[in-house]
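Note sheet for the following structure.
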Amino acid sequence: MEAASCDEHGNFQPYRTSFHFQAHNNWLNDPNGPLYYKGFYHLFYQHNPLNPFFGDIMVWGHSVSQDLVNWIKLEPALSPSVPSDINSCWSGSTTILPDGKPVILYTGSDTNKHQVTVLAEPKDPSDPLLREWVKPKGNPVMVPPSNVPVDCFRDPTTAWQGHDGKWRALVGAKEKDSNKGMAILYHTDDFVQWTKFLVPLLESQVTGMWECVDFFPVAVTGKEGLDTSVNNSSVRHVLKTSYGGNDCYVIGTYSSETDVFSADSEFTNTAEDLRYDYGNLFASKAFFDSAKNRRISWGWIMERDSNEDDIVKGWAGIMAIPREIWLEKSGKKLMQWPVEEINNLRAKNVSLDSKQLEGGSILEISGITASQADIEVAFDLPDLENDTEALDSEEVDQATIIDGYSASVKGFYGPFGLLALASNDLSEHTAIFFRVNRRGNGYAVLMCSDESKSSLRDNIEKATLGTSLDIDPRHEKISLRCLIDHSVIESYGGGGRSVITSRVYPKMAIGEEARLYVFNHGTKAVTMSSLEAWSMRKAQINSNET
């Protein structure tokens, strides 16, 4: 088991991950155009090949995999080469046509640094690695409309086919001289001549620019994914957009006959928005995996240290573990879970049976590599119904809830959960935890990740993050899965109902020095009904050896 890694030059790299996708070196941001093609998963990504920061000239990095875990680095798929993208090849999506051939729509920064949409096609569609792409005549295929600033028109979506046989795609935008963000709808027969629809598919007056828009169908029942063009009475549609540092989404009903999308809720640019992740995740892009009939979403996890730190590391930016996404039974939100292939990295295993955790207790989970691990734990509150009176005195308002994101605030039930990437003396740790409060006639479960003690280092962003977890603790265990990988902790609550990703940079809790604990700092005992933890093997990701 590799507990902390060095780079090829022998430099100590305590924050380089072992099973998260990242570029071999330098800068990475948005995932672009993921697809499954002729036996290979493809991930393209925004990449500055020269420096570990966002650059003047951006290319599409390109890697392929047969299992979504181990990745082989290829040459960049798209680099600036024509007037419509000469200043950068920015984000976009792939669409697989009915004959099986993929095409890319992406944002080019043209000779005037205006944002335009560019079409690319594979030079050799028989090549399963899709190593070379060509940009046909007729580019750019879309330019900013007159009511949109030339630098606020980007990130075209995967196209879908309506009942009329025409293809549709969305481009994220912002209206001139306003805070209105929108998804502009276009139609085409041939991917070269595109016509703008009369009105945006959706817009909001309060969000500002919409980036990395995504639009796809989800089945009303079951976990199976759907091709992006599927639309019938058993389907709802998800529109996701990235703004304000978050990936937010709405669920609704879409008609390709009228091109009307009726969303169940609005984007509000507040904590009320539904999010893919209540921590550090942005610019996500989903695709339909035809090999396993599932929809998979990739997302970018940003650095939270300084530019100077990134120069020393020689790299910046990682991808979240790809997540399977589907509609929750209530139809009100999405569920997310790490793709099953990640389980193949599980190695040494520790299991604990039911154990009562008294108030103020802490229990070390030893026997695994705590800096590179996968943990599943569940908690039970057997006395909950007998404690109504005490809990009534703790009924909470929104301000109290946000205070509760801090693990130092003690309550009746909670905080209880995990202390990850913890030092021996606990001076460093990231607390991923729950607390339970009375809410009306029922109970509110809060899921949090407190990074305030994640590192003794300065000049690092350390957030206290939280969200409500939509479960009833009277009838269901409170479950948590954490994927820990040196400088990132992805936490899935309630079987994937809510996700919080934390980016942390411990000074002491690195490699073999990292520890993992279960804790209960509430006044009331809770039962840890089960815990399983695994050391994780190192994946082969974009190394020069592959």
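The values are calculated or read from the model by the stated rules, or taken from the named source; none is laboratory data. Because the structure is a prediction, the values reported are computed rather than measured. Reconstructed Cβ throughout: ideal geometry from the backbone, glycine too, with neighbour counts over all protein chains shown. Protein only, heavy atoms only, side chains kept; ligands, DNA and RNA dropped before computing areas. Shrake-Rupley method; radii C 1.70, N 1.55, O 1.52, S 1.80 Å.
For the reader, a short list of remarks on this structure follows.
- Under the condition of being part of a strand (DSSP E or B) and open to solvent by less than 30 Å² (accessible area, probe 1.4 Å), the residues counted in segment 81-134 number 22.
- With respect to being out of contact with any Gly (no Cβ under 9 Å at 6 or more places or on another chain) and either without any contact (Cβ under 8 Å) to a residue 60 or more places away in the chain or open to solvent by 10 Å² or more (accessible area, probe 1.4 Å) (or both), Phe40 fits the description.
- Within segment 492-526, tally of residues that are more than 26 Å from the chain's Cα centre (by Cα) and open to solvent by 20 Å² or more (accessible area, probe 1.4 Å): 7
- Any pair with Cβ under 6 angstrom, 6 or more apart, that starts in segment 131-160 at a residue that is closer than 30 Å to Lys38 by Cα and ends at one that is in a loop (DSSP other than H, G, I, E, B) and among the aliphatic types (A, V, I, L, M): Lys135/Val82; Gly138/Val192; Val141/Val192
- From the options Glu224, Glu203, residue that is in contact (Cβ under 8 Å) with a residue 12 or more places away in the chain, charged (D, E, K, R), out of contact with any His (no Cβ under 9 Å at 6 or more places or on another chain) and surrounded by fewer than 16 Cβ atoms within 10 Å (Cβ to Cβ): Glu224
Per-residue answers, yes or no, for (1) open to solvent by less than 10 Å² (accessible area, probe 1.4 Å); (2) under 26 Å from the mean Cα position of the chain (by Cα); (3) polar (S, T, N, Q):
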site: Asn437; (1), (2), (3): no, no, yes
site: Leu446; (1), (2), (3): no, yes, no
site: Ile471; (1), (2), (3): no, yes, no
site: His475; (1), (2), (3): no, no, no
site: Ile484; (1), (2), (3): yes, yes, no
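- Strands (runs of 3 or more DSSP E) fully within segment 138-255 counting 1 or more residues that are within 22 Å of Phe267 (Cα to Cα): 167-174, 181-188, 202-204, 211-219, 235-243, 246-255
- All told, Asn349 falls short of being out of contact with any strand residue (DSSP E or B) (no Cβ under 7 Å at 6 or more places or on another chain), over 24 Å from Lys240 (Cβ atoms), open to solvent by 60 Å² or more (accessible area, probe 1.4 Å) and touching a residue at least 40 places away in the same chain (Cβ under 8 Å).
- Scanning segment 17-33 for residues that are among the polar types (S, T, N, Q) and part of a strand (DSSP E or B) yields a total of 3.
- Look at (1) closer than 19 Å to Asp289 by Cα; (2) under 29 Å from the mean Cα position of the chain (by Cα); (3) surrounded by fewer than 19 Cβ atoms within 10 Å (Cβ to Cβ) and you find that Pro149 fails only one, number (1).
- Trp60 falls short on exactly one of the conditions (1) outside any strand (DSSP E or B); (2) farther than 20 Å from Ile184 by Cβ, and that condition is (1).
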